[in-house]
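Student: Quick one: the structure is below, and I'll ask about it shortly.
Values quoted throughout were computed directly from the atomic coordinates according to the rules given, and no laboratory measurement underlies them. Here the structure is a predicted model, which is why all the values come from computation and not from measurement. As a convention, Cβ positions derive from the backbone with ideal geometry for all residues, glycine included, and neighbour counts pool all protein chains shown.
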Amino acid sequence: MKVCILSIMNIKHMSLISLYTAELEKQGIDYDIIYVDKYGEIEKTNAKNVFRYEVEIKRGYSKFKKIKSYLKFKKYATLILKKNNYDRIIVWRSETALLFSSYLIKSMKRKYIINIRDYCKEKNPLIYFIMYLLINRSLFSTISSEGFKTFLPKQKYELIHSFNESVLSKSIPRNTFRKLGEPIRVCFLGYVRFFENDKKLLKALANDNRFIIQFFGEGSKYLEEFATKENINNVEFIPRFNLEETSKLLEKADVINNLYGFNDIALDTAVSIKYYYSLFLHIPILVYKGTYMEKLIDKSTTGYAVNEDLDNLADKFYKWYHNLNFEDFSNACNREMKEVKECNKSFQKLLKLTFHDNK
């Protein structure tokens, strides 16, 4: 069987691809990967053949300029796809599926899998129709949040949780909370891009010795510049890091910051990978009210939902945090994590059948 992973993203941002590659490697099936490299770096992968297409896409580039770069990638990748005539294509994200829609729909019916990670302008009737065709002709399509069903075509979807146990394998779940008087480290880990929203959190907790505000990841230097300008000192910043460093950086966290934004369909319906960091590590997570994430923490009782204005966040959250019972919280995390693992085990069985049938 010839398998290919196709993506408009760097490997480091394909946070759940290991669910697929682990099954392929377990069955001894070689696979190729075709992807866009936005950083100009060679990333670690076990793929047999790596087709890395370098592009330069900077902040501030016009939409036309960005589209032009992706169309060049489409031309490059389509030639490879046609030449190799793959039996299965794992299509990473809706954006990738839309870019290659004509090839997938016409030439790969029931031979590709779409991994849907976010809202992709499905409110637009044309995009909705193309997504309907893509999903309808796929072998199957996966979603990482039940919230996506509010905007996706009415089709059958496989739910997978963005829990990457291999990334967290070196992490040890907490066995206690911070004591009174110790600063609580509020950590954002990942691609930093919602700057205005992040600035609100920095201002809300600025120079409060009860908290240390952490931003670890690509883009954090812009917030560091803002903090310096505003004389905000209770902060820690680390720029771009490798996936293998995730566990080490999470050791620095007491609370997971999942405050991306609000009143945005993409942000309101998504389930962040940070939710699984929180459950696995037994540490609380901050989310916005009115999001699907709030529904999850209401069910699991493992997080704190805040108003969009972050009004009196420091005092309210500090009180909530120190009123938590660690044993009850830890048990709640374990219950939710058990459900997550069972769901992903079912998906692994589906993958096993998918690749085994055409070996």
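Student: If you average the alpha carbon positions of region 1-73 and of region 247-281, how far apart do those two centres end up, in angstrom?
Tutor: 24
Student: Calculate how steeply helix 220-229 sits against the longest principal axis of the alpha-carbon atoms of the chain, using the helix alpha-carbon long axis, and give the answer as 0 to 90 degrees to the nearest 10.
Tutor: So the inclination is approximately 30 degrees.
Student: Towards the positive end of the charge dipole of region 164-241, with charges on Cβ (+1 Lys, Arg; -1 Asp, Glu), say which of N197, N209, N234 has the farthest Cα.
Tutor: N209
Student: Enter the angle in degrees (range 0 to 90, nearest 10) between the Cα long axis of helix 17-26 and the first principal axis of the Cα atoms of the chain, meaning the one along which they spread out most.
Tutor: That helix lies at roughly 50 degrees to the long axis.
Student: Moving on to the next point. Note down, for region 184-338, the three equivalent ellipsoid semi-axes (square root of 5 times each alpha carbon gyration tensor eigenvalue), biggest first, whole angstrom. Let's see the in-between values first.
Tutor: Values: eigenvalues 104, 59, 53 Å².
Largest first, region 184-338 gives 23, 17, 16 Å.
Student: Using alpha carbons only, what's the Rg to Rh ratio of region 7-91 with Rh from Kirkwood?
Tutor: Numbers: Rg = 13.9 Å, Rh = 14.0 Å.
Using only Cα positions, Rg/Rh for region 7-91 is 0.99.
Student: Taking only Cα atoms of the chain, what ratio of Rg to Rh do you get with Rh as the Kirkwood inverse-distance radius?
Tutor: Numbers: Rg = 21.0 Å, Rh = 21.7 Å.
Taking Rh as the inverse mean 1/r over Cα pairs, Rg/Rh reads 0.97.
Student: Could you list the GluC sites (Glu not before Pro) in region 46-144 that lie in coil according to DSSP, counting only those with at most 16 other Cβ atoms within 10 Å of their Cβ? Please report the intermediate quantities before stating the final value.
Tutor: Details: sites: E54, E56, E95, E122; in loops: E56, E122.
Qualifying residues, ordered by number: E56.
Student: Place +1 on the Cβ of every Lys and Arg and -1 on the Cβ of every Asp and Glu in region 3-160, take the dipole about the Cα centre, and give the residue among S145, F73, I34 whose Cα lies farthest towards its positive end.
Tutor: Going by the charge dipole, the pick is F73.
Student: Moving on to the next point. Calculate, in nm to one decimal, what K26 and K352 gain on full extension: separation in residues at 0.36 nm each, minus their alpha carbon distance. Walk me through the numbers before you get to the answer.
Tutor: Numbers: separation 326, 0.36 × 326 = 117.36 nm, distance 0.93 nm.
Value of the extension gain: 116.4 nm.
Student: A further question follows. Apply the a/c threshold of 1.5 to the C-alpha gyration tensor of region 64-147 and tell me whether it is rounded, prolate or oblate.
Tutor: Numbers: a/c = 1.77, a/b = 1.14, b/c = 1.55.
Because a/c hits 1.5 or more and a/b fails to exceed b/c, region 64-147 counts as oblate.
Student: Still on this model: Convex hull over the alpha-carbon atoms of region 3-160: what's its volume per residue in Å³?
Tutor: Numbers: hull volume 18.5 nm³, N = 158.
Once divided by residue count, the hull of region 3-160 is 117 Å³.
Student: On full extension of the chain, what length is gained from K203 through D311, given 0.36 nm per residue of separation minus the C-alpha to C-alpha distance?
Tutor: On the way: separation 108, 0.36 × 108 = 38.88 nm, distance 1.09 nm.
Here the segment from K203 to D311 would lengthen by 37.8 nm.
Student: Another question, if that's okay. When a/c is below 1.5 the answer is rounded, else prolate if a/b is larger than b/c, else oblate, so apply that to region 266-352 with a ≥ b ≥ c taken from the square roots of the Cα gyration tensor eigenvalues.
Tutor: On the way: a/c = 3.27, a/b = 1.56, b/c = 2.09.
Oblate is the answer for region 266-352, as a/c is 1.5 or above yet b/c matches or exceeds a/b.
Student: Could you tally the net charge around I256, taking each other residue with its Cβ under 15 Å from the Cβ of I256, Lys/Arg +1 and Asp/Glu -1?
Tutor: Values: positive: R174, R178, R185, K252, K274; negative: D198, E236, E251, D254, E294, E336.
Counting the neighbours of I256, the net charge comes to -1.
Student: Tell me, what is the FRET efficiency for R110 and V55 to the nearest 0.05, using R0 = 30 angstrom and their Cβ-Cβ distance as r? Can you show the working numbers first?
Tutor: Values: r = 31 Å, r/R0 = 1.03.
It comes out at approximately 0.45.
Student: Taking only the Cα atoms of region 114-165, how large is their convex hull per residue, in Å³? Don't skip to the end; give the middle numbers.
Tutor: Numbers: hull volume 3.7 nm³, N = 52.
For region 114-165, the hull spanned by Cα atoms encloses 71 Å³ per residue.
Student: Which translational diffusion coefficient, to the nearest whole µm²/s, is obtained for region 191-266 from the Stokes-Einstein equation, given a Kirkwood hydrodynamic radius over C-alpha pairs, 37 °C and 0.692 mPa s? Write down the numbers at each step before the final one.
Tutor: Details: Rh = 13.1 Å.
Translational D for this selection: 250 µm²/s.
Student: Sticking with this one: Once both axes come from the Cα atoms, what is the angle between helix 195-204 and the longest principal axis of the chain, in degrees from 0 to 90, rounded to 10?
Tutor: So the helix axis and the longest Cα principal axis differ by about 20 degrees.
Student: Still on this structure, please answer the following. Between Y191 and K82, what is the label-point separation in nm under the 7 Å Cα-to-beta-carbon projection?
Tutor: It works out to 2.9 nm between the two label points.
Student: If the only charges are +1 at each Lys and Arg Cβ and -1 at each Asp and Glu Cβ, what is the size of the charge dipole of the chain around the Cα centre, to the nearest 20 debye? Write down the numbers at each step before the final one.
Tutor: On the way: 59 positive and 43 negative charges, 343 e Å.
The dipole of the chain has a size of about 1640 debye.
Student: For the residues I130, I8, I113, what sequence is obtained by ranking on other C-beta atoms within 10 Å, fewest first?
Tutor: Details: I130 19, I8 25, I113 22.
With the fewest neighbours first, I130, I8, I113 line up as I130, I113, I8.
Student: Here's a follow-up. By counting other Cβ atoms within 10 Å of each Cβ, how are T176, T150 ranked from fewest to most? Walk me through the numbers before you get to the answer.
Tutor: Numbers: T176 8, T150 13.
So the residues, fewest neighbours to most, are T176, T150.
Student: Moving on. Find out how many positive minus negative residues lie around N233, taking Lys and Arg as positive, Asp and Glu as negative, among other residues whose Cβ is under 15 Å from that of N233.
Tutor: Numbers: positive: R185, K203, R210, K229; negative: D208, E224, E225, E230, E236.
Net local charge, N233 excluded: -1.
Student: With each run of n ≥ 4 DSSP H residues scored as -39500 (n - 2.57), what mean residue ellipticity at 222 nm is computed for the chain after dividing by its residue count and rounding to the nearest 500 deg cm²/dmol? Don't jump to the answer; show the numbers that get you there.
Tutor: On the way: 13 runs with 147 residues, N = 359.
Dividing the helical sum by the residues of the chain leaves -12500 deg cm²/dmol.
Student: Loop only per DSSP, at most 10 neighbouring Cβ atoms within 10 Å: give me the trypsin sites (Lys or Arg not before Pro) in region 45-142, ordered by residue number. Please report the intermediate quantities before stating the final value.
Tutor: Working: sites: K48, R52, K58, R59, K63, K65, K66, K68, K72, K74, K75, K82, K83, R88, R93, K106, K109, R110, K111, R117, K121, K123, R137; in loops: K48, K58, R59, R93, K109, R110, K111, R117, K121, K123.
Counting only loop positions with at most 10 other Cβ atoms within 10 Å, the trypsin sites (Lys or Arg not before Pro) in region 45-142 are K58, R59, R110, K123.
Student: Here's something else I'd like to know. Where in region 263-359 are there GluC sites (Glu not before Pro) that are in a DSSP coil and have at most 13 other Cβ atoms within 10 angstrom of their Cβ?
Tutor: Numbers: sites: E294, E308, E327, E336, E339, E342; in loops: E308.
The qualifying sites: there are none.
Student: Could you list the residues of region 143-187 with an amide nitrogen less than 19 Å from a label point located 7 Å from the Cα of F326 in the Cα-to-C-beta direction?
Tutor: Inside the label zone: 171-187.
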